[in-house]
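Q: One structure follows; several queries about it will come next.
All of the numbers you see were taken from the coordinates with simple rules; none came from a lab. Quantities reported herein were computed from a predicted structural model and do not represent experimental measurements. All Cβ positions, glycine included, derive from the backbone under ideal geometry; neighbour counts span all protein chains shown.
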Amino acid sequence: MMSNKRSQVVYYSRTGTTKKIANEIFKKLECDEEEIVDMKSRAGAMRYVDAGRDVKKRVLTTIQEPIRDPAEYDLLIIGTPVWAGSLSVPVKTYCTQMRGRVGRVAFFLTQDGDESSAFDEMRAILGKDPISSLALNGKKEVDTGTYPGKLDAFLDRV
Ligand SMILES: Cc1cc2nc3c(=O)[nH]c(=O)nc-3n(C[C@H](O)[C@H](O)[C@H](O)COP(=O)(O)O)c2cc1C
């Protein structure tokens, strides 16, 4: 693993699980970091239902204007929670806006289950294959702190 100033980690996190992994990557790679901010409030139990509905309807959301241009980086590491078996709507929106502006990409996700179409969706939207990818279970791996081995293997490939 090399420290790489030309990498950026970009992520969305509703309840802090994906953020925890993004922060670890930020520290380990000493790269730039940016949180995707959804202008639509996603807090609380009712918003959970609403978020699932947004995935099913295939709508995008409005995100805060990103601070950094991914075109300035050699590597963009994108992190998302899984929503309704899919890519979260804020990350789907980010990827859609940045299509054509990314070089090399790596993907990571956190989820409560063990499968999703999130990586396939990111690959399709961006038109890029990831050089590395990492799927972590929030409860079994992130909360229990048993993820560092998988995280290091993910970072070894970037
Ligand atoms: C609207 C919504 C739908 C979700 N659907 C799924 C799902 O289909 N499969 C799954 O494994 N986890 C699902 N989850 C759980 C999140 O993916 C998981 O808790 C994740 O680690 C949360 O990341 P965050 O804390 O960064 O927001 C869903 C969460 C939300 C809010």
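Q: Send over the Kirkwood Rh of segment 16-81, from the inverse of the averaged 1/r over different Cα pairs, rounded to one decimal Å. The partial results should precede the final answer.
A: Details: mean 1/r = 0.0720 Å⁻¹.
13.9 Å is the Kirkwood radius here.
Q: Here's another thing I want to ask about it. Report for the chain the percent antiparallel among DSSP-assigned beta bridges with both residues inside it, nearest 5. Display every interim value, and only then the final one.
A: Details: 3 of 24 bridges.
Given both bridge residues lie in the chain, the antiparallel proportion sits at roughly 10 percent.
Q: Give me P(r) over the chain, computed from all C-alpha to C-alpha distances, binned every 5 Å, as integer percentages.
A: Taking all Cα pairs of the chain, the binned fractions are 2, 9, 20, 24, 22, 14, 7, 1, 0 percent.
Q: Let me ask something additional. If you rank MET39, MET98, MET122 by fewest surrounding Cβ atoms within 10 Å, what's the result? Spell out each step's value before the answer.
A: Numbers: MET39 10, MET98 19, MET122 22.
Exposure proxy ranking, most exposed first: MET39, MET98, MET122.
Q: Show which lysines lie in cross-link reach of LYS92 when reach means a straight Cα distance below 24 angstrom and same-chain residues fewer than eight apart are skipped.
A: Partners found: LYS19, LYS20, LYS40, LYS56, LYS57, LYS128, LYS139.
Q: Still on this structure, I have one more. Taking neighbour counts of Cβ atoms within 10 Å as a proxy for exposure, in what order, fewest first, do ARG42, ARG99 appear?
A: Numbers: ARG42 18, ARG99 12.
If I rank by nearby Cβ atoms, fewest first, I get ARG99, ARG42.
Q: Would you please give the residues with an amide H less than 5 Å from that of SER132, counting only those at least 5 places away or on a separate chain, with H modeled from the backbone geometry?
A: PHE107
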